[in-house]
Amino acid sequence: MEAIGIPLIIEQFQYVIIQIATQSGTGTGFYVRDHHLIVTNHHVVKEFPEVTIAGKQFTKTLTRVWYTDLKHDLAFLKPPEHVEFPNIQFGEYRDIKDGDVVIAIGHPYGLSYSATQGVVSKVDRIREGLKYIQIDAAINPGNSGGPLVNQRGEIIGVNSFIIRGGDNLGFALPINYLNVALALYATHRGEASSRCPSCDFLVLLSNIDSGKYCPSCGTEITLPIVPEIESAGVGVPGMIEEILRSLGKDIKLARNGINNWEVLEGSAKIGISYNTESCFVAADAYLCQLPKDVNLIKPLYAYLLQENHKFNGLVLSCHQQNIILSCLTYDQDLNLDSGKESFSVLFRMADQYDDILKKQFGCLERLEE
């Protein structure tokens, strides 16, 4: 199979690349059609039995973690239903050579469908008893769990980690390890399972010893099982989630990484974040964008300034082309009652302002990935 060109590879892979978010961070995954699974890193999903996923062909949704593998840093997720994903081929590990051109695809720093090109620095770099493909293609936070692809458009590894402080020292788990894990789990698809990090035995609900130990070697195992009652969060993040839940929002679906949440209200998208250094909770509703007609911009600015005098705690502003409705709360002042009031007003007014600005001032729909 000959090289097919990087633009075509990126075009093909954008439909199988999956964005993944949990309470503690974000990462990347990719769909494998032969096994009807989403592959990612274990450290992306960590201890969470449910995560949110999004892709080119489907909106953000909640899904189950089916398989975890701490030793090889792998996890398999349930894919969304009724989505037709393209089939991507796997390459052969024995064909990889030092100096081969490779592409790492993922979502670094939330920049979706980013690709970085580099070369294989060393095929068989040993780390903690496993072989890794060392590459100089940039792997950044959010790339973890994405595919490493050769020039023929074949997956040859799973982007796993970097050496912090190094100059593009990235490492990908070779495809042969993934093939073994997929084969091990093939007859148990849909079951919660964990591969024992000590003896590689596949631990299931049906064979786990005393509810917590590997039946083969006795190592303590945690299966990715959704608890009947989710434990309440603590501190300010817990209060934010309690407020959102009281306003009818799906908390699990709203989570978008550590101390970040995202909800939709009508046509407006609201991002909520808690900055532990400044101690402020910021809620920003991104509305629409400035109109093309420059004659409408001055009347628009006058309207925004006028509206800012009407609400205590809400501010309409412009950032580059975007019009944003925001509220800022000091964490010590946040409680259930005050949070419900400020968030509910923000949500309601965000949807209203979005419609008003488009109809009266010709503001443009925001471009979304």
message: So if I check each of 234, 294, which one is within 23 Å of residue 356 (Cβ to Cβ) and free of Cβ contacts under 8 Å to residues at least 24 places away in the same chain?
response: 294
message: Checking residue 163 against (1) modelled with pLDDT of 95 or more; (2) touching a Leu at 6+ places or on another chain (Cβ under 8 Å), only one condition comes out false. Which one?
response: (1)
statement: Selection from segment 54-65 of residues surrounded by fewer than 21 Cβ atoms within 10 Å (Cβ to Cβ) and modelled with pLDDT of 95 or more yields 63, 64
task: Could you identify the single residue in 278, 273 that is in contact with a strand residue (DSSP E or B) (Cβ under 6 Å, 6 or more places away or on another chain) and either in the same structural domain as residue 345 (by TED's automatic domain parsing) or within 20 Å of residue 256 (Cα to Cα) (or both)?
output: 273
message: Given the criterion over 17 Å from residue 266 (Cβ atoms) and either surrounded by 15 or more Cβ atoms within 10 Å (Cβ to Cβ) or not charged (D, E, K, R) (or both), identify the matching residue among 286, 301.
response: 301
Leading residue by the ranking (farthest from the chain's Cα centre (by Cα)) among those in segment 4-46 that are surrounded by fewer than 22 Cβ atoms within 10 Å (Cβ to Cβ), of a type in the set (S, T, N, Q) and in a loop (DSSP other than H, G, I, E, B): 14
query: Can you find a residue in segment 311-332 that is surrounded by 12 or more Cβ atoms within 10 Å (Cβ to Cβ), modelled with pLDDT under 95, within 26 Å of residue 244 (Cα to Cα) and outside the structural domain of residue 258 (by TED's automatic domain parsing)?
result: no
- prompt: Do we find a residue being at pLDDT below 95, more than 23 Å from residue 77 (Cβ to Cβ) and within 20 Å of the chain's Cα centre (by Cα) anywhere in segment 145-160?
  reply: no
message: Looking at 177, 213, can you tell me which residue is over 24 Å from residue 23 (Cβ atoms), of a type in the set (Phe, Trp, Tyr) and assigned by TED's automatic domain parsing to the domain that holds residue 144?
response: 177
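The values are calculated or read from the model by the stated rules, or taken from the named source; none is laboratory data. Quick caveat: nothing in here was measured; it's all calculated off a predicted structure. Glycine gets a Cβ as well: all are built from the backbone with ideal geometry, and neighbour counts include every protein chain shown.
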